[in-house]
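These notes are about the structure you will find just below.
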Amino acid sequence: MPATPHLLILPAAFVLDLLIGDPLRLPHPIRWMGTAIERGEPFFRRRFQRLEYAGFWFAVFLIGTTWLIAFVALYLARQWHPWCGWILEVIMVYYCLAARSLLQAGGDVRDALVKSGLPAGRRMVARIVGREVHQLTATGVSRAAVESVAENMVDGVLAPLFFAAVGGAPLALAYKMVNTLDSMVGYRNTRYHLFGRAAARIDDGANWIPARLAVPLTALGSVLLGFDGRCAWRTARREGRFHASPNAGFAEAAFAGALRVRLGGPNRYHGRRVDKPWIGAGFAEPTSTDVSRAGALMLTTSILALLLLWGLASLAARAL
């Protein structure tokens, strides 16, 4: 196959995600990953006496197996016909992206708040956040939506694009297994404190570069949209480490500065109050309008990430 179609994999997958998103009627590898995690956990728990060892080999096995299956599938498709391999890789990378889903989720929360009121907004935001929502004010609902769009931009768009640019669809799908493992077993509770430790740390390592890449890209996207790009940069540099996660705070702080809204703060999870530091404490409280602005900023930042990573991957391919 000529080099040009191969270099179009990233933009083709991104456009496909924007066009069709994540229709529930389609089969989805992420759901298969969730099933594999659910079925594999009891097996690995039984095989190791120490839960931290069980969790480590559980994560390594699933991540490695995901990469291997994708690699073999692509190899066989390319052997059949180069264009089959190209189409399959575009579809694989598309499945790793969630820009349209994030944009739609934020828009649904805003529409529910504006058109149907606070109870509807609470119900809608409960679909995308883990915190308790029954006591959230309209400001709290808007804050939760903005935070979700900002944080999930990294693992739903920037990181998959990064790993696809570095190692193609197999590495992007392996990353999605890392991310899915963290979302299912990477908790600091009695059940998963030891077993999920490896999954959580692998996820932290995998997101380290994409999370920090989000800062300059968000600042640039802010300038293009007429938001405060300089404030986005300064807030992320100053307050990005305030978050309990080593990565999630950078995108949230950049969004807080760009939109000049206050994010973070205390929330309730599973009946327990969790006191998180405020990010952008001196800024205004977010409103439903800021949810729409966050969606526009997420999409613009994602497009910038696509252009940057596509360009770097193209230069590397031509140099080899």
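Residue-level analysis places D204 among those that are within 16 Å of the chain's Cα centre (by Cα) and surrounded by 14 or more Cβ atoms within 10 Å (Cβ to Cβ). Consider the stretch 66-91 and keep the residues that are aromatic (F, W, Y) and within 24 Å of the chain's Cα centre (by Cα). The one that is farthest from I30 (Cα to Cα) is F71. Of the residues making up the stretch 274-308, those that are under 18 Å from G221 (Cβ atoms), among the polar types (S, T, N, Q) and touching a helix residue (DSSP H, G or I) at 6+ places or on another chain (Cβ under 6 Å) are S292, T300, T301, S302. Within the bounds of the stretch 128-147, is there any residue that is more than 19 Å from R293 (Cα to Cα) and among the hydrophobic types (A, V, I, L, M, F, W, C)? Checked the stretch 128-147: at least one residue is more than 19 Å from R293 (Cα to Cα) and among the hydrophobic types (A, V, I, L, M, F, W, C). Of the residues screened, L304 is one that is within 21 Å of L16 (Cβ to Cβ) and either of a type outside the set (S, T, Y) or modelled with pLDDT under 95 (or both). Annotation: of all residues in the stretch 239-255 being crowded, with 24+ Cβ neighbours inside 10 Å and touching a strand residue (DSSP E or B) at 6+ places or on another chain (Cβ under 6 Å), the one that is farthest from E151 (Cα to Cα) is A253.
For the stretch 1-115, please list each of the helices (runs of 4 or more DSSP H) lying entirely inside it that holds at least 2 residues being within 17 Å of A169 (Cα to Cα).
Working: elements: 3-7, 9-20, 29-47, 51-80, 82-96, 99-111.
The qualifying helices (runs of 4 or more DSSP H) are 3-7, 9-20, 29-47, 51-80, 82-96.
Taking the condition under 28 Å from A253 (Cα atoms) and not acidic (D, E), does L136 pass? For L136, the condition - under 28 Å from A253 (Cα atoms) and not acidic (D, E) - is met. Taking the stretch 108-146 as the range and being surrounded by fewer than 16 Cβ atoms within 10 Å (Cβ to Cβ) and small (G, A, S) as the test, the residues that pass are S116, G117, G130.
Quick one: is P23 touching a helix residue (DSSP H, G or I) at 6+ places or on another chain (Cβ under 6 Å) and at negative phi? Before the answer, list the steps.
Numbers: touching a helix residue (DSSP H, G or I) at 6+ places or on another chain (Cβ under 6 Å): no; at negative phi: yes.
No.
Among the residues of the stretch 267-320, those that are within 18 Å of A164 (Cα to Cα) and not small (G, A, S) comprise T301, I303, L304, L306, L307, L308, L309, W310, L312, L315, R318, L320.
Given the criterion within 21 Å of G64 (Cβ to Cβ) and surrounded by fewer than 24 Cβ atoms within 10 Å (Cβ to Cβ), identify the matching residue among L88, L173. I'd like the intermediate steps shown before the answer.
Numbers: L173 fails: surrounded by fewer than 24 Cβ atoms within 10 Å (Cβ to Cβ).
Within the list L88, L173, the selection yields L88.
Tell me yes or no: at least one residue of the stretch 282-289 is charged (D, E, K, R), part of a helix (DSSP H, G or I) and more than 18 Å from H134 (Cα to Cα). No, every residue in the stretch 282-289 fails to be charged (D, E, K, R), part of a helix (DSSP H, G or I) and more than 18 Å from H134 (Cα to Cα). The residue pairs whose first member lies in the stretch 15-34 and is farther than 17 Å from R100 by Cα, whose second member is crowded, with 16+ Cβ neighbours inside 10 Å and of a type in the set (V, I, T), and whose beta carbons are closer than 8 Å, counting only pairs six or more residues apart or on different chains, are M33/T66; M33/T180; G34/T180.
Of all the residues that make up the stretch 1-60, how many are of a type in the set (S, T, N, Q) and surrounded by 13 or more Cβ atoms within 10 Å (Cβ to Cβ)? Can you show your working first?
Taking the stretch 1-60 first, the residues of a type in the set (S, T, N, Q) are 4, 35, 49.
From what is left, the residues that are surrounded by 13 or more Cβ atoms within 10 Å (Cβ to Cβ) are none.
So the count comes out to 0.
Counting only residues that are surrounded by fewer than 24 Cβ atoms within 10 Å (Cβ to Cβ) and in contact with a Pro (Cβ under 8 Å, 6 or more places away or on another chain), the stretch 148-161 holds 0 of them.
The values are calculated or read from the model by the stated rules, or taken from the named source; none is laboratory data. Note that the structure is predicted; figures quoted are calculated from it, not measured. Ideal geometry is used to build each Cβ from the backbone, glycine not excepted, and the neighbour counts take in all protein chains shown.
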